[in-house]
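Before any comments, here is the structure.
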Amino acid sequence: MKKIIFIISITLLALNSQAQGTLQFNQVITIAKDTSFSFAGNGGTSYKSWDLYTVPENRVLKITKAINSKSSSGSSGCTENNIYFTINGINTTIPLLEDAWLKGGDVIGVYVHLQLSGGSTWYCYQYDDIFISLIEYNIIPE
C-alpha cells in the first residue's frame, strides 16, 4: 500500500510541475556588417571590436547561421591577421557560435586583431563582411 501511495504521489507531483515559461516566436534578425580593418606603422598591435546585437531582457535567441566572408587580406610585415566572433567579449569560432542560445543581456560582437613586425613601416589589412542570422523569442511567464 505504501508503494502505491508513493507512486501516485510522485506521479501527481510530476504532473503538477511547470517550466519557467513558454517561448513565443518574436522575429528573425539578420545582421550584415563590413568589418574591414587596416593598420600601418613600424610595429605594434591594433584591434577593433564591434558590438553587433544585445539580447533584450525577457527574450532569448538562437544563432542559426554565422558567416565570415574574408574577401582578401594582405600584409607586409603582418604577423597576425585574425577575426573572431564574440559572445560577451569572449572570442569564439563559427562552429561553436552556430546553434548557440543566448539570454537577455548577452552581447554578440566581432573582434579583429592585427599585429605588425617592428623596424620598418609595415601595413596589414583585412577586408571582411560578416553575416549573422538570429531567431528571437519572447519568454512568456506561466
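A few points about this structure:
- The stretch 111-134: number of residues that are on the phi < 0 side of the Ramachandran plot and either loosely packed, with under 15 Cβ neighbours inside 10 Å or charged (D, E, K, R) (or both): 6
- Within the stretch 67-86, restricting attention to residues that are at pLDDT 75 or above and not polar (S, T, N, Q), the residue that is farthest from the chain's Cα centre (by Cα) is ILE83.
- Among strands (runs of 3 or more DSSP E) entirely within the stretch 101-142, having at least 3 residues that are at pLDDT below 90, more than 19 Å from ASN91 (Cα to Cα) and not polar (S, T, N, Q) singles out 122-141.
- Hits in the stretch 25-65 - residues which are in a loop (DSSP other than H, G, I, E, B) and either within 30 Å of SER120 (Cα to Cα) or in contact with a helix residue (DSSP H, G or I) (Cβ under 8 Å, 6 or more places away or on another chain) (or both): THR35, SER36, ASN42, GLY43
The values are calculated or read from the model by the stated rules, or taken from the named source; none is laboratory data. These figures come from a predicted structure and were not determined experimentally. All Cβ positions, even for glycine, are placed from backbone atoms using ideal geometry, and neighbour counts span all protein chains on display.
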